[in-house]
C-alpha cells in the first residue's frame, strides 16, 4: 500500500519514510515540511484527502504542540479524524526515537553506549541531548551536529543531513521501539493498514 507523509521537517520525513517501508508499505508523496503551525492549519484538509486517497502518516512532535499530554493532541487538533489519517504524536520529539536506538547512536558518534539515556521519551530536550553527546566525539561526522562557537544555532550546519543518513542507513527501528513506546504504537498502527480498505474507493 502507498502511504503518504505529512511532517514538520526534513528529518521527520526521513523517519516517516523508513517506518512506512519497515511496516511493509510504499512511501508516497510528502507534504508539509513547513513546521508545526502549517500542520495545525492544514490538518483538516489532509484529513479529507486521506479519506479519498492514500492513507497519510502524520508525525508531530509533542514538544511543539503546547498541549498538556500526548493523548490530547488528536482530539484537539482533529475531533473527527479519518482512520486513514494516522496522526502519530512523537514523544517528545523525533530525536527521542533516534536516541532509542542507543547502540546505533553510540556507534554513530563513537562513544560508549553507557552514556546514552535509557528513557529518551522522558528527556526534556532530546535534540540538545543528542548534540551534547556529539560534543564528546572526535569524529568529523559527529562534530557536524554541533554548532560552531559563537553561532546562535542550536545544532550544527550538518545536523539534518548527517541524521538523515543515520535514519536511512543505520537506524535500528526494532531496537528503538523497545525504548520508545510512542514509536512502537506508531509502527503497530502502520501495520494495521490493510489494502482491502482501499478497494472500491
Of the residues in the stretch 27-42, those that are buried (at least 21 other Cβ atoms within 10 Å of the Cβ) and either touching a residue at least 40 places away in the same chain (Cβ under 8 Å) or part of a helix (DSSP H, G or I) (or both) come to 39
Residues in the stretch 27-58 that are touching a strand residue (DSSP E or B) at 6+ places or on another chain (Cβ under 9 Å) and either closer than 17 Å to residue 193 by Cα or modelled with pLDDT under 95 (or both) total 12
If we take the stretch 45-132, then helices (runs of 4 or more DSSP H) inside it with 3 or more residues that are surrounded by fewer than 21 Cβ atoms within 10 Å (Cβ to Cβ) are 73-77, 102-109
- prompt: In this structure, is residue 24 outside any helix (DSSP H, G or I), touching a strand residue (DSSP E or B) at 6+ places or on another chain (Cβ under 6 Å) and in contact (Cβ under 8 Å) with a residue 24 or more places away in the chain?
  reply: no
Within the stretch 1-13, residues being farther than 15 Å from residue 54 by Cα and in contact with a strand residue (DSSP E or B) (Cβ under 9 Å, 6 or more places away or on another chain) number 5
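The values are calculated or read from the model by the stated rules, or taken from the named source; none is laboratory data. Remember, predicted model here, so these are calculated numbers, not experimental data. Glycine also receives a Cβ, built like all others from the backbone with ideal geometry; neighbour counts cover every protein chain displayed.
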